[in-house]
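Everything below concerns the one structure shown next.
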Amino acid sequence: MSSVAFFVIAIAMLAAALAAATMPRLIHAALCFAAAFIGVAALYFWLGAEFVGLVQVFVYVGAVAVLIVFTILLTRRDMETEHGFHWSGALIALLVFAGLLWAILKSSATAVAASPFPGLTVKQIGQLLMTDYIWPLQCLGVVLTAALIGALVIVMEEKR
């Protein structure tokens, strides 16, 4: 049953990613991109990494995908031009995929079994973030706030 669930999640995620790459309208591509993020979160949940799955949903689906959708809606002009399919981009993506697949298959790291690692609970992760990693967490918050302010300044239109 678990391999069937993996293949269903993987096929849905890859279909959403392929749809995001090939949709002619940006808003539809962004929504398919969000669906691909949900597929990644489903894989995290399937692997038992609930915290990482929730972070994936909150940060990428809830923030990044919504930010992309709002950016498209705020900066969209009425000029809708139809562009053809870019075969050169598809060929480059296929070559990169083949190179990465070859590197993974030739790697000796996949032949070694992973050592057992005791799982962390969300409470333990929170305690570590609020004690040992408080300064990196605060610096990350400042960087993200600066990025948000910068994005707002770029998107805002000057009022004359």
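If I ask for residues that are surrounded by 14 or more Cβ atoms within 10 Å (Cβ to Cβ) and over 23 Å from Ile68 (Cα atoms), which ones from region 1-43 would you list?
Hits for region 1-43 are Phe6, Ile9, Ala10.
Being over 22 Å from Ala49 (Cα atoms) and not assigned by TED's automatic domain parsing to the domain that holds Val52 narrows it down to one of Val142, Val112, so name that one.
Val142
On the given criteria, is Val96 farther than 24 Å from Gly53 by Cα and not in a helix (DSSP H, G or I)?
In short, no.
Report, by residue number, each residue of region 13-53 that is over 30 Å from His86 (Cβ atoms), touching a residue at least 24 places away in the same chain (Cβ under 8 Å) and assigned to a helix (DSSP H, G or I).
Passing the criteria: Trp46, Glu50, Phe51.
Scan region 99-147 residue by residue and report those that are at pLDDT below 90, among the aliphatic types (A, V, I, L, M) and exposed (fewer than 10 other Cβ atoms within 10 Å of the Cβ).
Scanning region 99-147 gives Leu105, Ala109, Ala111, Val112, Ala113, Ala114.
The values are calculated or read from the model by the stated rules, or taken from the named source; none is laboratory data. Everything numeric in this text was worked out from a predicted model, so none of it was measured. All Cβ positions, even for glycine, are placed from backbone atoms using ideal geometry, and neighbour counts span all protein chains on display.
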